[in-house]
Structure formats: C-alpha cells, structure tokens
1. Read phi for every residue in the stretch 29-40 and hand back ³J(HN,Hα) as whole Hz from Karplus 6.51 cos²θ - 1.76 cosθ + 1.60, θ = phi - 60°, with x for Gly and Pro.
2. Using only the alpha-carbon atoms, how far is helix 112-130 inclined from the longest principal axis of the chain? Give it as 0 to 90 degrees, nearest 10.
3. Heavy atoms only, probe 1.4 Å: what % of the accessible area of the chain goes to carbon and sulfur, would you let me know?
4. So what's Rg/Rh here for the chain, counting alpha carbon atoms and using the Kirkwood radius for Rh?
5. Report the dimensions of the stretch 98-214 along its three principal axes from the alpha-carbon atoms, largest first, rounded to Å.
6. With each run of n ≥ 4 DSSP H residues scored as -39500 (n - 2.57), what mean residue ellipticity at 222 nm is computed for the chain after dividing by its residue count and rounding to the nearest 500 deg cm²/dmol?
7. Determine, from the Cβ-Cβ distance of Arg93 and Thr43 and an R0 of 41 Å, the FRET efficiency 1/(1 + (r/R0)^6), rounded to the nearest 0.05.
8. So how much accessible area does Arg63 have, in Å² to the nearest 10, using a 1.4 Å probe?
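The values are calculated or read from the model by the stated rules, or taken from the named source; none is laboratory data. Small disclaimer: the values here were computed from a predicted structure and weren't measured. Cβ coordinates were reconstructed from backbone atoms using ideal geometry, including for glycine residues, and neighbour counts include every protein chain displayed. Only protein heavy atoms, including side chains, enter the accessible area calculation; ligands, DNA and RNA are left aside. Shrake-Rupley method; radii C 1.70, N 1.55, O 1.52, S 1.80 Å.
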Amino acid sequence: MDDLERVGQLQDPVRRRLYEFVAAQRGEVGRGEAAEAAGVSRTLAAHHLDRLVEAGLLESAFRLPDKKGPGSGRPAKVYRRAAQERSVSLPPRDYATLAGVLAETVDLLGGEEQAEKAARAVGARIGRRGGGPLEQVLLERGYQPYQEGGRLRMRNCPFHVLAEDQPLLVCGVNLALCQGLLEGIGDDPGRAALDPRPGECCVSFTQDSKTNED
C-alpha cells in the first residue's frame, strides 16, 4: 500500500472521525472511548481502527488490566497515532529534501539569526492573513493545540523530520515563527517560549490576559 492508498483510507467518514480523535489524544485510546467519540458501536469502531493500523496511519498495542490475577480479563487493545508521517503529492514533489538542504546551508553559513528573523516575518504575515484566534491559526497550520495546566501546548510538530536532523536550528526557527504568528494577530510575542516535550512541538504558550480574565 502506497501513501496515496493509505491516505485514501480516510475517505470513509467514520474512519476519518476515529483517526482524528485518536491522533488528537496525547495517550493511547481504547476501542470504547474511540467508539463513543465517533458516535458508532464498539464493534464498528474496532473494525475501522484495525483498518487504520493496517494502513500504517495508527499503531496498536495491548494494555494490561489494572486488576491482576484470575478474573482480571484480557488485555485491552489500544491505539495511538503512527509516528511515521505520510504525504501525498500529485505529481510527486520532494519539498522535504529541499528544506533539508536549506537547513544545512543555514547551519554551514551560521545564519541562524537571519533564519529566525525571516521566520518571524513569515509568521507575522500568516497571522495577519489568518486573523486569529491563536488556537484556530495553529490548528490550520497542523500544530494540534490543546490546553493544559494554564498553557497552550501543541501535540504535533509540522517540522518533525527536519527537527530530528537539526533540532537547535529548527526549534529556534519554529519559536520565531510562533512569535510572528502572535505578532500578526495583534498578541504578545512573549507568550511563546521553548518548552520541549517528547513527541510534541517544542513551543508552548502562556494563557493570554483575556483568557485569564474569563
């Protein structure tokens, strides 16, 4: 199955809802929880979830029951978003390789400061076009924002592949981009800060004053 066929699995509306729910969660998701979120039976959810695993869009594992010993029941099957990313372009394009070359060039020339300045300007333009609020702009850019402990965090890094190869450069550019987004929507750029977590974006935001007042 190639990436086009894999992504095509999401044409089914139920499968799409299940995938989006599982992908948006920080931890693993059980069949019952996913079924309730998608508004379908547990049996139907299990069928579609396993199809998504076969397509490589989700990963599955088994969670041992909390109760041990006789009568504890069987391990429950749980799901999480697959770590490997998929992309489809017709005709085929390879922007990731070009982005990698440019990142290497910036590193070789010592142009991190200039790259961050450019990223902040680009972020400001995106913010002005998007018009806010911040969570909506971030959602449209693929960051998957969520609220936790008085901060706005992001489950997905849109630059994950590059960040693995050039973490300091890419995270610095990403922070500048996010600061630019805030500036573009008329918010305080100081709300954005580096706050890396395994498997998530390296940037998080403090709550704005309006949210705190509410």
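1. Coupling constants for the stretch 29-40: 10, x, 5, x, 4, 5, 4, 5, 5, 8, x, 10 Hz.
2. Helix 112-130 sits at roughly 70 degrees to that axis.
3. Of the solvent-accessible surface of the chain, carbon and sulfur hold 52 percent.
4. 1.03
5. In descending order, the Cα extents are 47, 29, 21 Å.
6. -15500 deg cm²/dmol
7. Using R0 = 41 Å, I get an efficiency of 0.55.
8. 110 Å²
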